[in-house]
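The values are calculated or read from the model by the stated rules, or taken from the named source; none is laboratory data. The structure displayed is predicted, hence computed values, not measured ones. Here the Cβ positions follow ideal geometry from the backbone for every residue, glycine too, while neighbour counts run over all protein chains shown.
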Amino acid sequence: MPTEKPTPRYKRILLKLSGEMLMGDGKGGISPKVLTTIAQDVKDVVDLGVELALVIGGGNIFRGVSGATEGMDRSSADYMGMLATVINAMALQDALEKIGVDTRVQSAIEMHQVAEPYIRRRAIRHLEKGRVVIFAAGTGNPYFTTDTAASLRAMEIHADVLMKATKVDGVYTEDPKKNPAAVKFKHLAYIDVLKRNLKVMDSTAISLCMDNDLPIVVFDSTQHGNVRRVVLGEEIGTTVGGTGPRATAT
């Protein structure tokens, strides 16, 4: 008998990836090996019938905040960072389409030769047709991070959850690399993240999710298959918001 397809917990998700994740073990740029792994993780989720959109940072190429601290005008630096996210989005689109995943890149800064302009209704239509949509160039405005862009786009496309991919397996009381005694949270309320100044996402992104009751799942994406596990409802990582109890540590 054929194996029954598992039932996903979520119908439509937005996956947030940092640009630094694309570097792999390198000090910058894009690792083809990492791209291939991420693309396969995305395909595994799409094959479940889940509608998936992505937002990628640009920190592996250029960080606007870093440029500003070196004396560059903050707005100019942020626009450069937005352009870096377009490069990452195009790279991931190529990796996805090589394994048969139909993908569209939509940019908040119009550049018709390489990406569609961001149009909310068009993005939703792509998702309904089973295409992966990568939102590039942040919100199109300086002074806003790609975390905020991810929260905003998740709300606009009516995503069921915002999945924040990181290199650690959840949210801790402290940085577990600096303090091995740090305790991981299983569930957190939005307000606890803000009060404790936990480095989940920036405060604007957290506030936006809190105001619109959008749950956030923070998990380790360096382990192949974890994206699929979260989508299927396995209790890995840390859930912010949703129906879980406040500030529950494991």
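Of note:
- Which listed residue, of ALA137, ALA154, ALA159, is in contact (Cβ under 8 Å) with a residue 40 or more places away in the chain, crowded, with 18+ Cβ neighbours inside 10 Å and within 29 Å of ASP25 (Cβ to Cβ): ALA137
- Among residues of segment 97-131, those that are among the small types (Gly, Ala, Ser) and assigned to a helix (DSSP H, G or I), counted: 1
- Identity of the residue in segment 171-209, part of a strand (DSSP E or B) and not β-branched (Val, Ile, Thr), that ends up nearest to SER151 (Cα to Cα): LEU188
- Count of segment 43-89 residues, restricted to those that are of a type in the set (A, V, I, L, M), assigned to a helix (DSSP H, G or I) and in contact with a helix residue (DSSP H, G or I) (Cβ under 6 Å, 6 or more places away or on another chain), is 3.
- Check on ASP94, acidic (Asp, Glu) and either touching a residue at least 60 places away in the same chain (Cβ under 8 Å) or assigned to a loop (DSSP other than H, G, I, E, B) (or both): no
- Lone qualifier among LYS184, LYS167, LYS177 - being closer than 19 Å to LEU14 by Cα, at pLDDT below 95 and of a type in the set (Lys, Arg): LYS167
- Annotation note: of VAL65, VAL55, the sole residue that is over 18 Å from the mean Cα position of the chain (by Cα) and either surrounded by 14 or more Cβ atoms within 10 Å (Cβ to Cβ) or in contact (Cβ under 8 Å) with a residue 12 or more places away in the chain (or both) is VAL65.
- Residue in segment 110-126 that is at pLDDT 95 or above and closer than 14 Å to VAL42 by Cα present: no
- Restricting segment 1-17 to residues that are in contact with an Asp or Glu (Cβ under 9 Å, 6 or more places away or on another chain) and in a loop (DSSP other than H, G, I, E, B), the residue that is modelled with the lowest pLDDT: LYS5
- Selection within segment 213-228 - crowded, with 17+ Cβ neighbours inside 10 Å and at pLDDT 95 or above: LEU214, PRO215, ILE216, VAL217, VAL218, PHE219, ASN226, VAL227, ARG228
- Within the option set ILE206, ILE191, being aliphatic (A, V, I, L, M) and exposed (fewer than 15 other Cβ atoms within 10 Å of the Cβ) holds for one residue only, ILE191.
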